[in-house]
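**Student:** First the structure, then my questions, so here it is.
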Amino acid sequence: MRHWLWLPAYLLMLSFLMYALVSAESGEGGAASEMSLAEERTSLYMAYETPSVPWHLLAAVDRYERNIQRLRNDLEEVEGLVSFRFPEAFWAGAPNPEAGDSDPAAIEFFDGRGMDGNGDGKADPNDAEDILFTLAAALGEHGGDEDAHRLALWGFYGSEEAVGQVMTISELFRQFGTIELDEYVFPLPKTHHYTYKGTWGAKRGWGGRRMHEGTDLFASYGVPVRSVTYGVVEVKGWNEFGGWRIGIRDAHNVYHYFAHLAYFEKGIEQGQIVEPGTVVGYVGSSGYGKEGTAGKFPPHLHYGMYKFDGRSEWAFDPYPSLRRWEQEGK
């Protein structure tokens, strides 16, 4: 009987011990487990921003590198907090016989640019903190305004397209205060009737033989057309094929193309930042002729997606994305 008397106390002590163990584990790793990878990256970018180089520009360079690494076979896809890597000659110095040199004195001797960002006595070309510290110094060497940043980025990439992509990503991160811009919506409101099917690769005859680079969504005149993502309006105006059209660039090197509009939403201008659901125009039948031509086909939205890989831009089938966004919006 005395054993039964001790049982409640024993169970209470066991519960307390388990609680203490769980609390200790949470105290050791809880903060890290609660912080998402995006939050860890953002925290790191912010730690290494300077008066000349804001965190969102560091984040944009890193995101751009991550974007193109996923697309190209000639680039290693770097895992971890920071994907950006400097060329070996830049980091260690062109005449340095030790390509992966992490000795700050040797790097300086060979006119390398790699720097020790965390004070551990090494300028490690694979250390996230050393990379961001060096990147901030390189991006700020010409000054802290947009022209200075563009000049520094040109030194990295030698491409106006690449520079433009990075600056677009930076502006989006700055505007929304986060690198988590992965929300998408269907381009047409579900309160309106519409139909569509996969039309990728279909033949087109007007203006010469070509293939259809997108998906046609048929709807009535005047149905609102919405931005599917966070982005910057890169193009707005007339195109003889697409009629009144808008192009929006997002933070993943994707260009979203909306064509055959009847007219644009009032106030939408080139360079403007939009978010998922922002109305940019209205379904029409413009195109296939000189400016103002309309009515040569039934009203519909032509929606296309183009990816930039650091060298060229190419179209890919948007139909699977449209189906997913439509289903997720139910």
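**Student:** Hey, could you check region 256-282 for residues that are of a type in the set (Gly, Ala, Ser) and assigned to a strand (DSSP E or B) and say which is farthest from the chain's Cα centre (by Cα)? Before the answer, list the steps.
**Tutor:** Pass one, region 256-282, residues of a type in the set (Gly, Ala, Ser): 259, 262, 267, 271, 277, 281.
Applying the additional criterion that residues be assigned to a strand (DSSP E or B) yields 259, 262, 281.
Working: Ala259: 23, Ala262: 30, Gly281: 24 Å.
The extreme case among them is Ala262.
**Student:** Answer with yes or no whether Gly112 is within 24 Å of Gly158 (Cβ to Cβ) and either modelled with pLDDT of 95 or more or not assigned by TED's automatic domain parsing to the domain that holds Tyr157 (or both).
**Tutor:** yes
**Student:** Is it the case that some residue within region 155-162 is buried (at least 19 other Cβ atoms within 10 Å of the Cβ) and not aliphatic (A, V, I, L, M)?
**Tutor:** Scanning region 155-162, I find at least one residue that is buried (at least 19 other Cβ atoms within 10 Å of the Cβ) and not aliphatic (A, V, I, L, M), so the answer is yes.
Here is a yes/no grid of residues against (1) at pLDDT 95 or above; (2) small (Gly, Ala, Ser); (3) within 30 Å of Pro299 (Cβ to Cβ):
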residue	(1), (2), (3)
His149	yes, no, no
Gly164	yes, yes, no
Thr168	yes, no, no
Leu172	yes, no, no
Gly177	yes, yes, no
Leu181	yes, no, no
Val185	yes, no, yes
Pro189	yes, no, yes
His192	yes, no, yes
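**Student:** Filter region 287-305 down to residues that are free of Cβ contacts under 8 Å to residues at least 60 places away in the same chain and either within 22 Å of Arg249 (Cβ to Cβ) or of a type in the set (Phe, Trp, Tyr) (or both) and give me whichever is surrounded by the fewest Cβ atoms within 10 Å (Cβ to Cβ).
**Tutor:** Step by step, filter region 287-305, then rank; the result is Phe297.
**Student:** Ok, one more. Can Glu234 be described as buried (at least 16 other Cβ atoms within 10 Å of the Cβ), at pLDDT below 95 and farther than 22 Å from Glu328 by Cβ? Working first, answer last.
**Tutor:** On the way: buried (at least 16 other Cβ atoms within 10 Å of the Cβ): yes; at pLDDT below 95: no; farther than 22 Å from Glu328 by Cβ: yes.
It is false that Glu234 is buried (at least 16 other Cβ atoms within 10 Å of the Cβ), at pLDDT below 95 and farther than 22 Å from Glu328 by Cβ.
**Student:** Still on this structure, please answer the following. Val78 versus (1) surrounded by 18 or more Cβ atoms within 10 Å (Cβ to Cβ); (2) assigned by TED's automatic domain parsing to the domain that holds Arg150: which is the lone unmet condition?
**Tutor:** (1)
**Student:** Here are some residues: Glu40, Glu108, Glu65. Which one is surrounded by fewer than 17 Cβ atoms within 10 Å (Cβ to Cβ), part of a helix (DSSP H, G or I) and under 17 Å from the mean Cα position of the chain (by Cα)?
**Tutor:** Glu40
**Student:** Can you name the condition, by its number, that Val78 falls short on among (1) aliphatic (A, V, I, L, M); (2) touching a residue at least 60 places away in the same chain (Cβ under 8 Å); (3) not in a helix (DSSP H, G or I)?
**Tutor:** Status for Val78: all satisfied but (2).
**Student:** Does any residue of region 183-197 turn out to be on the phi > 0 side of the Ramachandran plot, free of Cβ contacts under 8 Å to residues at least 24 places away in the same chain and surrounded by fewer than 20 Cβ atoms within 10 Å (Cβ to Cβ)?
**Tutor:** Looking through region 183-197, none of the residues is on the phi > 0 side of the Ramachandran plot, free of Cβ contacts under 8 Å to residues at least 24 places away in the same chain and surrounded by fewer than 20 Cβ atoms within 10 Å (Cβ to Cβ).
**Student:** Here's a check for you: in region 81-91, which residue that is part of a loop (DSSP other than H, G, I, E, B) and without any contact (Cβ under 8 Å) to a residue 24 or more places away in the chain is nearest to Tyr45 (Cα to Cα)?
**Tutor:** Ser83
**Student:** Looking at the structure I just gave you, is Ala99 surrounded by fewer than 16 Cβ atoms within 10 Å (Cβ to Cβ) and not in a loop (DSSP other than H, G, I, E, B)?
**Tutor:** Details: surrounded by fewer than 16 Cβ atoms within 10 Å (Cβ to Cβ): yes; not in a loop (DSSP other than H, G, I, E, B): no.
No; evaluated as a whole, the condition is false for this residue.
The values are calculated or read from the model by the stated rules, or taken from the named source; none is laboratory data. Computed from a predicted structure; not experimentally measured. Glycine also receives a Cβ, built like all others from the backbone with ideal geometry; neighbour counts cover every protein chain displayed.
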